[in-house]
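Structure first, then comments.
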């Protein structure tokens, strides 16, 4: 059996930060990246903009991201030297380590939203990501 490989291609990410009814939109793009890497980059970039510890409601359509925190995977990976339950290396370890570190600073509620649905901000994040990708 040949293991499946993630295909590297260009990708984009987008995020919207809201505080006191003020919105800040951020986005970016990378060449030779994966969908999973972009899904992790968006919350990293957003959380890195916070100037002090905050209580955050973080919405994402990425089950990969949200489940890592809500189901405790990331805490087990950290405890086990960034190894999965199957003893293999955690993919995208550098990004997961950044997210883990940021999650220790902020009080984050991880909320899964359905992708490509009628969620206004999820749709806006998708548009920001596509626009960033198109401008790469």
Odd one out for residue 118 among (1) more than 14 Å from residue 40 (Cα to Cα); (2) modelled with pLDDT of 95 or more = (2)
request  = Identify all residues within region 29-47 that are in contact with a helix residue (DSSP H, G or I) (Cβ under 7 Å, 6 or more places away or on another chain) and closer than 16 Å to residue 107 by Cβ; write none if there are none.
outcome  = 43, 47
Spans of helices (runs of 4 or more DSSP H) in region 1-84 with at least 3 residues surrounded by 19 or more Cβ atoms within 10 Å (Cβ to Cβ) and at pLDDT 95 or above = 35-48, 63-70
request  = Just one of (1) over 22 Å from residue 17 (Cβ atoms); (2) surrounded by fewer than 18 Cβ atoms within 10 Å (Cβ to Cβ); (3) in contact with a helix residue (DSSP H, G or I) (Cβ under 9 Å, 6 or more places away or on another chain); (4) modelled with pLDDT of 95 or more trips up residue 90, so point out which.
outcome  = (2)
query = Which of the following residues is in a loop (DSSP other than H, G, I, E, B), more than 16 Å from residue 14 (Cα to Cα) and out of contact with any strand residue (DSSP E or B) (no Cβ under 8 Å at 6 or more places or on another chain): 87, 98?
reply = 87
Tabulated pairs, region 78-105, first without any contact (Cβ under 8 Å) to a residue 24 or more places away in the chain and at positive phi, second surrounded by 14 or more Cβ atoms within 10 Å (Cβ to Cβ) and assigned to a loop (DSSP other than H, G, I, E, B), C-beta under 9 angstrom, 6+ apart or interchain = 82/90
query = Name the residues in region 103-112 that are surrounded by fewer than 14 Cβ atoms within 10 Å (Cβ to Cβ) and closer than 15 Å to residue 60 by Cα, would you?
reply = 109, 111
task = Determine the pairs where a residue that is closer than 19 Å to residue 62 by Cα, located within region 1-28, has a partner that is in a loop (DSSP other than H, G, I, E, B) and modelled with pLDDT of 90 or more with Cβ atoms under 6 Å apart, the partner being 6 or more residues away or on another chain.
result = 6/34
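The values are calculated or read from the model by the stated rules, or taken from the named source; none is laboratory data. The structure presented is a predicted model; accordingly, all values stated were derived computationally and were not measured. Cβ: placed from backbone, ideal geometry, glycine included. Neighbour counts: every protein chain shown.
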